[in-house]
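The values are calculated or read from the model by the stated rules, or taken from the named source; none is laboratory data. On a predicted model such as this, the values are computed, not experimentally measured, just so you know. Neighbour counts are summed over all protein chains in view; Cβ atoms, including those assigned to glycine, are modelled from backbone coordinates with ideal geometry.
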Amino acid sequence: MKIKDSKILITGGSSGIGKATAVLLAKSGAKIAITGRDIEKLKKAAQETGAVAIHADVADESDIIKTFETVKKELGGLDCLINNAGIGEFPAVDELSMEAFMKVYTVNVFGAALMTKHAAEIFKAQNYGNIINIASTAALKGFARGTIYSSSKFALRGMNECWQAELRPHNIRVMLVNPSEVTTAFANKERKERDEVPNKLTGMEIAHTIKSVLEMDDRGMIPEVTVWATNPWEKKS
């Protein structure tokens, strides 16, 4: 895929991996639209990246419809969807609740699926498109207190494989990126970006991965890629 002049939609683009990806792809000449729930953070990110800001929540189907209407109007089409929006809840198994499951699944699973549904309609009609789903190393291996979050990412990984099988005949590439621990605002109740540390990943490492996956010629695709910090256990003085 040629990044320059491509039309790319990134959910959860107001901070972290989404914002870093918007910055990097915009520098390469892409036309970007980003979604976010925090209107002030969204506006700030749009100003910094030159992206079209869409105040929308992927957990709300009416917002999803609005998002694609805005993309068609403001970008004039779509070449790539990046399903980046995600949240987490981490209760112990004896503290699980339906409310917590639904809160996470509505964003990480149902929201990603419905975003993909609408993108697939566009991509099938034009016989071309790219979908990147941001999962996690938690989609590969469970962990203590990870029942809700990890299972949601396992679900996303499973859906990714289903969409690959279904959409490849339409020249649509569906690809999964599994980041390890990234110093973002994820799971931070204050929603503030965490300070970078030398031995942990930043959003930009994942952004570079996304860009590299997209830049492969359209005749090929990387179905799944995992990004680990080299030595997250190293003690820094």
Among the residues of the stretch 95-109, is any surrounded by fewer than 20 Cβ atoms within 10 Å (Cβ to Cβ), charged (D, E, K, R), in contact (Cβ under 8 Å) with a residue 40 or more places away in the chain and farther than 17 Å from D63 by Cα? no
If K124 satisfies every condition in (1) under 25 Å from G76 (Cα atoms); (2) in contact with a strand residue (DSSP E or B) (Cβ under 6 Å, 6 or more places away or on another chain); (3) assigned to a helix (DSSP H, G or I) but one, which is the exception? (2)
Scan the stretch 28-36 and give yes if some residue there is basic (K, R), closer than 27 Å to M204 by Cβ and in contact (Cβ under 8 Å) with a residue 24 or more places away in the chain, otherwise no. yes
Consider P169 carefully, then state whether it is more than 15 Å from the chain's Cα centre (by Cα) and not in a helix (DSSP H, G or I). no
Quick one: which of V197, V174 is β-branched (V, I, T) and at pLDDT below 95? V197
Within the stretch 21-41, can you find the residues that are over 12 Å from L75 (Cβ atoms) and buried (at least 24 other Cβ atoms within 10 Å of the Cβ)? T21, A22, L25, T35, G36
From A165, A135, A125, A139, residue being free of Cβ contacts under 8 Å to residues at least 40 places away in the same chain, crowded, with 21+ Cβ neighbours inside 10 Å and on the phi < 0 side of the Ramachandran plot: A139
If I filter the stretch 211-227 down to residues being in contact with a helix residue (DSSP H, G or I) (Cβ under 7 Å, 6 or more places away or on another chain) and not charged (D, E, K, R), which single residue comes out as farthest from I131 (Cα to Cα)? V227
Could you list, in sequence order, the residues of the stretch 142-156 that are in contact (Cβ under 8 Å) with a residue 24 or more places away in the chain and either touching a Phe, Trp or Tyr at 6+ places or on another chain (Cβ under 7 Å) or not aliphatic (A, V, I, L, M) (or both)? R145, G146, T147, I148, Y149, S152, K153
Scan of the stretch 42-93 for residues that are more than 23 Å from K211 (Cα to Cα), of a type in the set (G, A, S), surrounded by fewer than 16 Cβ atoms within 10 Å (Cβ to Cβ) and touching a residue at least 12 places away in the same chain (Cβ under 8 Å), ordered by number: A92
